[in-house]
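Take a look at the structure below.
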């Protein structure tokens, strides 16, 4: 009956688990035309998944409210504008599932899938970005999420942050050391209430490796506060694997460029692409 992929099934299960019991049982009745009587929440969830033809059909059901999908995407590290309509959230969720990029393990930064043989920098880049932005955005009080484990432990002691902002005027600030860099980045979401939404498509995310073990992750995205889109950002991370902890990558440097809407001159802000080319990124690796 059901033709859900493993990723879709896992995602749908998470969303169903976030529903109230009353709504879940009602949805089960709708999906099965009241032909199957279920005893509890677990049975209802299993039955809904069994009788769902495809993921889109389930996401579009009335009882699967847009708020549930919005929260699910936020938990998976996909920040959407808070005023997104349900059909936009459904589309983004289906894209996420078809790409297979749902979070594998949130316990370590840049954790790569343990079953994976060899090292794939693209996978590392994707998983690192999901982990990083989900963690940073969780400290934005407007999202109402429990703040996650942010702190200097995710950075090398001599980490350097270059913060370049163009909003009315140009400003360049530099911060050195894990404590300073960690607290300055945290202030973006915690104090300034910004929401950073990375463009995880190939146009917005690029990964490069150097022979010395440095992995460069470059990502572009949009910046929001509440329902307003304020501008775009481009962020480059230099990551080096920690020799003491298996599969743990720490941040060696961060270059963050922020452009306010007024400095963009009508550029499309839906899914900003990276402006850096591979040569410019290679220079940062050397």
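Summary table below
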quantity: Taking 173, 46 and counting other C-beta atoms within 10 Å, the order from fewest to most; calculated: 173, 46
quantity: Relative contact order for the stretch 1-68, counting Cα pairs under 8 Å that sit 6 or more residues apart, in percent; calculated: 48 percent
quantity: Taking the stretch 130-200 and dividing mean pair separation by its residue count, relative contact order in percent (alpha carbons under 8 Å, at least six apart); calculated: 36 percent
quantity: Rounded Å value of the spacing that divides the Cα centres of the stretch 122-199 and the stretch 201-261; calculated: 10 Å
quantity: Listed peptides 138-150, 69-81 by packing density, highest first (mean Cβ within 10 Å); calculated: 69-81, 138-150
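Rule-based calculations on the coordinates, nothing more; no lab input. The structure presented is a predicted model; accordingly, all values stated were derived computationally and were not measured. FYI the Cβ positions are ideal-geometry reconstructions off the backbone, even for glycines, and counts take in every protein chain you see.
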